[in-house]
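The values are calculated or read from the model by the stated rules, or taken from the named source; none is laboratory data. Because the structure is a prediction, the values reported are computed rather than measured. So basically every Cβ, Gly included, is an ideal-geometry build from the backbone, and we count neighbours across all protein chains shown.
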Amino acid sequence: MKDQLKADGVLHDHCYGMQALEEDVPICSLGVMSGDGGQNKPDAMMCTGKYKDDISGQVLVDILVQAARKTELDYFASKGVWIKRPRSEARDMTGKGPISVRWVDVNKGDDIHPKYRSRLVARQLKAHDKSGESYFSPAPPLEALRTVVSLAFTAVGDWEPNHDPNSPQRTQVSTLDISRAYFNAMKDADDVTFVDLPPEDSDHQNMCARLLRHMYGTRGAADGWQEEYSTTLVALGFAQGTSSACVFAHKTRQLFCSVHGDDFTTVGPCDELTWFEGEMQKRYELTLGARLGPGRDDAQEVTVLNRVLRWTPQGIEYEADPRQAEKLVAECGLTGSNSVATPGVKESSSQVSEDTALEERLQTPYRSTAARANYLAADRPDIQYSAKEICRWMSSPTTASANALKRLVRYLVGLPRLVLAYPRQRVEAIDVYVDTDWAGCPRTRRSTSGGCLMMGGHLLKSWSSTQAGVALSSGEAEFNGVIKGAGIGLGYQSLLNDLGLSLPLRVWTDSSAAIGICSRQGLGKLRHLDTHLLWIQQAVRSRRVDLRKISGEANPADLYTKHLASREKLATMVRLCGCRYLGGRSEAAPSMRTTTTGKTTIAEANAIHDDHNNNDDGHVHEDERVCMPHLEHDAATLDRLYPSVSMPQPAYVDDEEQWQTWDHLEARGNAIIKGIQDRMTETGRKRCDTNTAR
């Protein structure tokens, strides 16, 4: 018992009684964690400081890192990643020595449930690469994952989810992770690459390794793996996306899949998912995650890309990684501080004129924390505008921007959790809401474009961005906002087409001036716009974009363009976007690591003095009277109350059919796209044959 208590870190030599756990000894250092029943000597499980987490800087347990590295080298041997060759051969064949390597050690779990991963990575850095070859490998947008999740409760076209808990055809969400994904992709025979052997290999001084398969850190690894799995999925009957090469749809089996690196997230019938997972297991070594679904034995909560997905009788809840908000609070030293009602307030003219540069010792911690806030904002619509404004001053932080960051974190203290609710629905269109705050920045007089993309009541994408130029009128600023929203809507429409789903696009704006510009021909009296923006006029005329007017009070895009004045207004806009606040903490989410790291935080760089105390109780009052029109009315009523913008046909076009075929350049482009789609349907995504291209 005494030895076990020492292994647990609560009993120490030369001390009386049981002590608190040491900060540099995580609970993963228990002997029982290694599967030996606690029989290891305590000293063997201690942290010497030799190994650290490459992401967080956390001190890692020596023996667990060594075990993880051995596991990695065993994979190299079992997969036949390389063959050992004399070091002189590398210089003879390539004219230079082998590429150096390094270990990347990470604890992907937490202190309670450790998950050590070690990767041997080649350092074929782009900075030293003179070949001119591309490092590109496609990655899906975040809305691809949200769409797959949304389809579990969204009926669209011929797709109808099944929520019968006893049916073998019940809809589920499957997650699987390919182990050492890059090792599954063979290298081209004419692509000769040599790398150093790690110090753990006894031959590392005299020998090097010639790669037979792709290795992490080499130039073509990511693209090689993407080509490997896309070819496999196409062979299984999936159709690969054109606008996003990382989304796949199987029409006959009704499977929709999004691939992010080596993580596959798929929605579809239970028995078809079983078939898919079985086929993937035949080809790759993988880890199957729990399936989310309505069945008695189905999981009710899982994590995907560190996001938390929760199945409820009403629908799926999508939540950001809670550790990000917790880390923001800890880094700023605001744990237990008073909360504030809103994530930001607009600067006054006196604050702008009296602002000063932030002290140099605080600038690096500020950038680190601002980047984390920006990452969290992708899944937190309520802080998206505030995070965007904070990140605008990362190159030259000021005292005002530091105070804005502190206020954002104080807001998260009171409301750390916000979920995107995806209830059961049937949809007939994609709805994009846009808004603009003209000259909202008191420093640069630039405007902010914001908006959100909804599929029914499901929020799939939102944005808040500062316009590049200075708009001379509110109409011009609003027109730029419509341009951005329509472009995003058309892009998402293409993503849905990749999944075999087709929906029309509606764009909503509260600006009559922007509608006037979009419904005319040419610039008119405007002289401050680029003519390439006028594509929107043709899109509205040809009905590719259905432009409609909405009142400002019911426009959820207001959330993304300015600091809202009250908690009540904020809560109303959040509810319009299909989101709601929660208390407590998700059970499926990993715990935040409590060990110290080598990174300097704002709290460590400077003691924080805050005079802004707010006794707001965090209660959210919702105004049930405000609702977005596409959710409140049926199609006929919607067309009557909110008619589409009508445009006259140009004088040189006799009828609508002639207008559709007038643009020969567009027709030629569509023919090229059709050819690409046909080739991808047969073979999957392949690198371009340069000889054929010439």
- [ ] Would you be able to say whether some residue in the range 515-522 is touching a residue at least 40 places away in the same chain (Cβ under 8 Å), small (Gly, Ala, Ser) and out of contact with any His (no Cβ under 9 Å at 6 or more places or on another chain)?
- [x] yes
Open item on the list: Return the residues of the range 263-281 that are in a strand (DSSP E or B) and either free of Cβ contacts under 8 Å to residues at least 60 places away in the same chain or of a type outside the set (D, E, K, R) (or both); say none if nothing qualifies.
Closed with: Phe264, Thr265, Thr266, Val267, Gly268, Pro269
Open item on the list: Going residue by residue through the range 134-157, is there one that turns out to be modelled with pLDDT of 90 or more and within 25 Å of Ala68 (Cα to Cα)?
Closed with: no
Open item on the list: Cβ-Cβ under 7 Å, sequence separation 6+ or interchain: first residue in the range 247-262 and of a type in the set (Lys, Arg), partner assigned to a loop (DSSP other than H, G, I, E, B). Which pairs?
Closed with: Lys251/Gly500
Task: Residue tally, condition among the hydroxyl-bearing types (Ser, Thr, Tyr) and crowded, with 24+ Cβ neighbours inside 10 Å, over the range 448-469 - done: 3
TODO: Would you tally the residues in the range 410-425 being farther than 18 Å from Glu301 by Cα and either assigned to a loop (DSSP other than H, G, I, E, B) or not assigned by TED's automatic domain parsing to the domain that holds Thr342 (or both)?
DONE: 2
Open item on the list: Give me the residue from the range 313-346 that is farther than 29 Å from Glu301 by Cα and among the hydrophobic types (A, V, I, L, M, F, W, C) and, out of that set, surrounded by the most Cβ atoms within 10 Å (Cβ to Cβ).
Closed with: Cys332
- [ ] Could you please let me know if Thr265 is among the β-branched types (Val, Ile, Thr), surrounded by 21 or more Cβ atoms within 10 Å (Cβ to Cβ) and under 30 Å from Thr147 (Cβ atoms)?
- [x] yes
- [ ] Considering (1) buried (at least 17 other Cβ atoms within 10 Å of the Cβ); (2) touching a strand residue (DSSP E or B) at 6+ places or on another chain (Cβ under 7 Å); (3) assigned to a loop (DSSP other than H, G, I, E, B), say which one Ile55 fails and leave the rest.
- [x] (1)
- [ ] Being in contact with a Lys or Arg (Cβ under 9 Å, 6 or more places away or on another chain) and surrounded by 15 or more Cβ atoms within 10 Å (Cβ to Cβ) is the filter; apply it to the range 515-543 and report the residue that is farthest from Glu476 (Cα to Cα).
- [x] Gln538
TODO: Consider Gly552 carefully, then state whether it is out of contact with any Lys or Arg (no Cβ under 6 Å at 6 or more places or on another chain), modelled with pLDDT under 90, among the small types (Gly, Ala, Ser) and more than 30 Å from Thr681 (Cβ to Cβ).
DONE: yes
TODO: Would you be able to tell me the number of residues in the range 136-182 that are assigned to a strand (DSSP E or B) and crowded, with 19+ Cβ neighbours inside 10 Å?
DONE: 9
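Restricting attention to the range 183-217, which residues are in contact (Cβ under 8 Å) with a residue 60 or more places away in the chain and not in a loop (DSSP other than H, G, I, E, B)?
Hits for the range 183-217 are Phe183, Asn184, Phe194, Val195, Asp196, Met207, Cys208, Ala209, Arg210, Leu211, Arg213.
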Task: Which numbered condition Ala325 misses (of (1) aliphatic (A, V, I, L, M); (2) closer than 16 Å to Thr147 by Cα; (3) under 20 Å from the mean Cα position of the chain (by Cα)) - done: (2)
TODO: Among what's in the range 58-74 and is in a loop (DSSP other than H, G, I, E, B) and at pLDDT 85 or above, pick the residue that is surrounded by the most Cβ atoms within 10 Å (Cβ to Cβ).
DONE: Leu60
Task: Whichever residue in the range 511-546 is polar (S, T, N, Q) and either assigned to a helix (DSSP H, G or I) or touching a helix residue (DSSP H, G or I) at 6+ places or on another chain (Cβ under 6 Å) (or both) and, among such residues, is nearest to Asp558 (Cα to Cα) - done: Ser511
Open item on the list: Can you report the number of residues in the range 252-304 which are basic (Lys, Arg) and more than 20 Å from His163 (Cα to Cα)?
Closed with: 2
Task: Candidates Leu288, Leu309, Leu236, filtered to the one that is of a type outside the set (Lys, Arg), more than 30 Å from Asp190 (Cβ to Cβ), surrounded by fewer than 17 Cβ atoms within 10 Å (Cβ to Cβ) and touching a helix residue (DSSP H, G or I) at 6+ places or on another chain (Cβ under 8 Å) - done: Leu288
Open item on the list: Restricting to the range 457-503, name every residue that is closer than 22 Å to His630 by Cα, assigned to a loop (DSSP other than H, G, I, E, B) and of a type in the set (A, V, I, L, M, F, W, C).
Closed with: Leu501, Leu503
TODO: Could you identify the single residue in Ser474, Ser519 that is in contact with a Phe, Trp or Tyr (Cβ under 6 Å, 6 or more places away or on another chain), over 22 Å from Thr242 (Cα atoms) and among the hydroxyl-bearing types (Ser, Thr, Tyr)?
DONE: Ser474
Task: Cross-chain or 6+ apart pairs with Cβ under 7 Å, the range 288-301 first and without any contact (Cβ under 8 Å) to a residue 24 or more places away in the chain, then assigned to a loop (DSSP other than H, G, I, E, B) - done: Ala299/Ala290; Ala299/Arg291
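To keep it simple, each residue is scored yes or no on (1) closer than 30 Å to Leu212 by Cα; (2) among the acidic types (Asp, Glu); (3) at pLDDT below 90; (4) buried (at least 18 other Cβ atoms within 10 Å of the Cβ).
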| position | (1), (2), (3), (4) |
| --- | --- |
| Asp8 | no, yes, yes, yes |
| His12 | no, no, yes, no |
| Ile27 | no, no, yes, no |
| Gly37 | no, no, yes, no |
| Lys84 | yes, no, no, no |
| Lys96 | yes, no, yes, no |
| Arg102 | yes, no, no, no |
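Going by the conditions given, is Ser349 farther than 20 Å from Pro397 by Cβ, in contact (Cβ under 8 Å) with a residue 40 or more places away in the chain, surrounded by 18 or more Cβ atoms within 10 Å (Cβ to Cβ) and assigned by TED's automatic domain parsing to the domain that holds Leu408?
For Ser349, the condition - farther than 20 Å from Pro397 by Cβ, in contact (Cβ under 8 Å) with a residue 40 or more places away in the chain, surrounded by 18 or more Cβ atoms within 10 Å (Cβ to Cβ) and assigned by TED's automatic domain parsing to the domain that holds Leu408 - is not met.
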